[in-house]
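Let me begin by presenting the structure, written as structure tokens, before commenting on it.
The values are calculated or read from the model by the stated rules, or taken from the named source; none is laboratory data. These numbers come from a predicted model, not from an experiment. Because the Cβ atoms are built from the backbone with ideal geometry, glycine has one as well, and the counts that use them run over all protein chains shown.
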């Protein structure tokens with residue numbers, strides 16, 4: 001069992017007596033005041049912090065699979081293999097870019113700064129574990145998988161019509177430069193953190209809105225899929241596999257426990273451990289709120305429940321709670337998530353009305369719910385102000401949108417971003433990969 | 001000999017097959033088809049956008065029988081396939097010129 005060494009470390013490292021006292025204290029909480037708990041030894045703290053980063057990072061890495069399945073299920077069968085390839089390669093490109101440049105840009109910034117100096121190739125420094133509090137490489141890994149999440153958001157919105165290599169070039173710049181600059185403003189103790197007390201616990205704005213803005217700019221430059229808005233009407237293009245998409249939504253839901261839980265950044269004290277537990281519960285409950293809100297709303301607006309909107313709303317709820325998953329009481333987490341579900345349900349058709357073709361609903365779930373989650377932080381957390389949150393949202397939005405538009409436009413007028421019309425009709429699987437995702441199924 | 005073609009709702013296949021067996025039918029061919037009739041498709045909503053399902057999925061049954069069986073067969077199929085809702089389907093009867101059993105070479109009603 002994987003859990004056994006974990007438990008052994010716990011008992012070997014911490015004075016056994018203190019844990020005995022803890023359990024006794026917990027059992028008799030009503031009769032007597034809880035007894036003092038001895039803090040863990042320094043080495044134990046560092047080990048546990050490192051463990052949190054590694055375990056959470058691995059779970060967040062699997063969100064790449066969640067995005068991949070969600071997207072593969074929501075595109076048509078003729079583009080399913082290509083979207084799988086895009087997800088696989090964007091994860092790899094993100095990893096290389098974070099090593100090459102990204103991580104140094106997030107944390108190389110001076111306090112209150114706007115732009116870190118370009119420093120190439122990450123080198124972990126484990127020389128002062130007590131000062132750092134965790135293994136340097138574990139933090140690098142945790143940050144790297146976050147970057148990949150931002151990139152995954154883009155691929156879904158632009159599916160079924162974007163060419164592979166222009167997409168990967170955009171991903172490289174997004175993960176190597178654009179996202180790291182945004183993250184440095186807050187998590188690198190840069191401008192937003194120093195000047196505005198901006199708060200974004202695990203990245204509603206920094207990760208999800210960043211991906212969302214980049215996706216929105218891309219969807220506008222790229223244009224809708226052929227036939228989507230023909231004749232001034234919306235023509236729905238149903239996905240190839242709703243069970244696969246649902247699996248993807250579930251994987252993302254699971255991954256979010258690492259995403260938000262790991263963002264506590266420490267697991268070496270009772271307070272930290274309990275905080276992570278509360279974060280996991282709140283994260284879960286926000287998704288529950290999102291699902292139920294969309295379930296009821298689509299049922300009453302359309303007569304039937306819309307599964308794909310309910311999926312998006314689970315994610316919308318998760319994105320919404322990501323800006324502050326620790327402070328809300330459970331009921332507040334449920335409400336924040338439910339509002340995320342409402343936002344998704346309302347904005348999915350609105351995007352269609354604006355003729356912006358977002359294949360998987362990434363923009364409503366990640367961008368709009370990311371804004372919502374960020375703005376609502378002052379409701380549950382003392383310190384951040386509504387104005388500060390607003391400034392953060394606008395600043396990130398303006399920066400990412402401007403640079404994304406520029407990048408997409410440059411790509412469009414140089415190597416081209418849009419697949420040839422005949423390739424789009426044929427399906428990108430055949431034109432990009434020369435194969436079919438499901439060769440043994442008859443065409444419907 | 002007659003060829004009876006019945007277009008029915010997919011969920012009615014088992015009931016129709018049972019009714020046909022009772023009538024002594026020993027074989028039939030089923031295909032998945034799509035089409036529209038008076039029902040003219042129907043509207044559905046996907047991700048908040050309404051769309052028309054122009055062709056509704058149906059099953060097409062082809063049953064070759066001796067002519068004298070047809071009067072008993074038609075009400076049996078109708079009873080089994082009926083839900084009372086729009087889109088229950090149609091039954092057509094055609095003259096059948098010839099039938100051949102591939103294995104033995106028998107022809108006419110003996111081949112059915």
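If the condition is being part of a strand (DSSP E or B) and away from every other protein chain (no Cβ under 14 Å), then the stretch B:25-47 contributes B:29, B:30, B:35. For the stretch B:55-71, taking the residues that are surrounded by fewer than 14 Cβ atoms within 10 Å (Cβ to Cβ) and out of contact with any helix residue (DSSP H, G or I) (no Cβ under 7 Å at 6 or more places or on another chain), the one that is farthest from residue B:100 (Cα to Cα) is identified as B:55.
Summed over the stretch A:368-377, the residues that are over 15 Å from residue A:318 (Cβ atoms) and in contact (Cβ under 8 Å) with a residue 60 or more places away in the chain give a count of 1. Considering the stretch A:226-237, and only residues there that are touching a residue at least 40 places away in the same chain (Cβ under 8 Å) and either more than 16 Å from residue A:76 (Cβ to Cβ) or within 13 Å of another protein chain (Cβ to nearest Cβ) (or both), the residue that is surrounded by the fewest Cβ atoms within 10 Å (Cβ to Cβ) turns out to be A:229. The set of residues from the stretch A:133-160 being part of a loop (DSSP other than H, G, I, E, B) and surrounded by fewer than 23 Cβ atoms within 10 Å (Cβ to Cβ) comprises A:133, A:135.
In the stretch B:99-112, which residues are at negative phi and without any contact (Cβ under 8 Å) to a residue 24 or more places away in the chain? The answer is B:100, B:101, B:102, B:103, B:104, B:106, B:107, B:110, B:111. Of A:166, A:111, A:117, all but one fail to be over 19 Å from the mean Cα position of the chain (by Cα), surrounded by fewer than 24 Cβ atoms within 10 Å (Cβ to Cβ), in contact (Cβ under 8 Å) with a residue 12 or more places away in the chain and farther than 22 Å from residue A:410 by Cα; the exception is A:111. With respect to (1) touching a helix residue (DSSP H, G or I) at 6+ places or on another chain (Cβ under 9 Å); (2) surrounded by fewer than 16 Cβ atoms within 10 Å (Cβ to Cβ); (3) at pLDDT 95 or above, the lone exception for residue B:31 is condition (1). Scanning the stretch B:48-81 for residues that are part of a loop (DSSP other than H, G, I, E, B) and without any contact (Cβ under 8 Å) to a residue 60 or more places away in the chain, we see that the one that is nearest to the other protein chains (Cβ to nearest Cβ) is B:48.
Here is a yes/no grid of residues against (1) closer than 30 Å to residue A:233 by Cβ; (2) within 11 Å of chain B (Cβ to nearest Cβ); (3) crowded, with 24+ Cβ neighbours inside 10 Å; (4) within 21 Å of the chain's Cα centre (by Cα):
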site: A:314; (1), (2), (3), (4): yes, no, yes, yes
site: A:334; (1), (2), (3), (4): no, no, no, yes
site: A:342; (1), (2), (3), (4): yes, no, no, yes
site: A:359; (1), (2), (3), (4): yes, yes, yes, yes
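Taking the criterion of being away from every other protein chain (no Cβ under 14 Å) and surrounded by fewer than 24 Cβ atoms within 10 Å (Cβ to Cβ), the residues of the stretch A:238-248 that qualify are A:241, A:243, A:244, A:246, A:247. Regarding residue A:89, is this residue surrounded by fewer than 21 Cβ atoms within 10 Å (Cβ to Cβ) and closer than 30 Å to residue A:225 by Cα? So residue A:89 fits the description; yes.
For residue A:257, the test of being at pLDDT 95 or above, out of contact with any strand residue (DSSP E or B) (no Cβ under 7 Å at 6 or more places or on another chain) and either in a loop (DSSP other than H, G, I, E, B) or within 14 Å of chain B (Cβ to nearest Cβ) (or both) is failed.
In this structure, residue A:365 does satisfy being within 29 Å of residue A:238 (Cβ to Cβ) and in contact (Cβ under 8 Å) with a residue 40 or more places away in the chain. Taking the criterion of being closer than 13 Å to residue A:428 by Cβ and touching a helix residue (DSSP H, G or I) at 6+ places or on another chain (Cβ under 7 Å), the residues of the stretch A:68-116 that qualify are A:71, A:72, A:75, A:78, A:79, A:80, A:81, A:82, A:83, A:84, A:85, A:86. Taking the criterion of being assigned to a helix (DSSP H, G or I) and within 10 Å of chain B (Cβ to nearest Cβ), the residues of the stretch A:283-305 that qualify are A:298, A:301, A:302. For the stretch A:354-383, the set of residues classified as under 17 Å from residue A:290 (Cα atoms) and either modelled with pLDDT under 95 or not in a helix (DSSP H, G or I) (or both) consists of A:360, A:361, A:376, listed by residue number. The set of residues from the stretch A:316-332 being in a helix (DSSP H, G or I) and either crowded, with 24+ Cβ neighbours inside 10 Å or within 14 Å of chain B (Cβ to nearest Cβ) (or both) comprises A:316, A:317, A:318, A:319, A:320, A:321, A:322.
Flag: residue A:250 does not match the condition of being in a loop (DSSP other than H, G, I, E, B) and over 30 Å from residue B:54 (Cα atoms).
Of the numbered criteria (1) more than 14 Å from chain B (Cβ to nearest Cβ); (2) within 22 Å of residue A:160 (Cβ to Cβ); (3) in a helix (DSSP H, G or I), the one residue A:280 fails is (2). In the condition set (1) under 21 Å from the mean Cα position of the chain (by Cα); (2) buried (at least 20 other Cβ atoms within 10 Å of the Cβ); (3) assigned to a helix (DSSP H, G or I), residue A:390 is compliant with all but (2). Can residue A:130 be described as at pLDDT below 95, touching a helix residue (DSSP H, G or I) at 6+ places or on another chain (Cβ under 7 Å) and assigned to a helix (DSSP H, G or I)? Here the answer is yes, as residue A:130 does meet what is asked.
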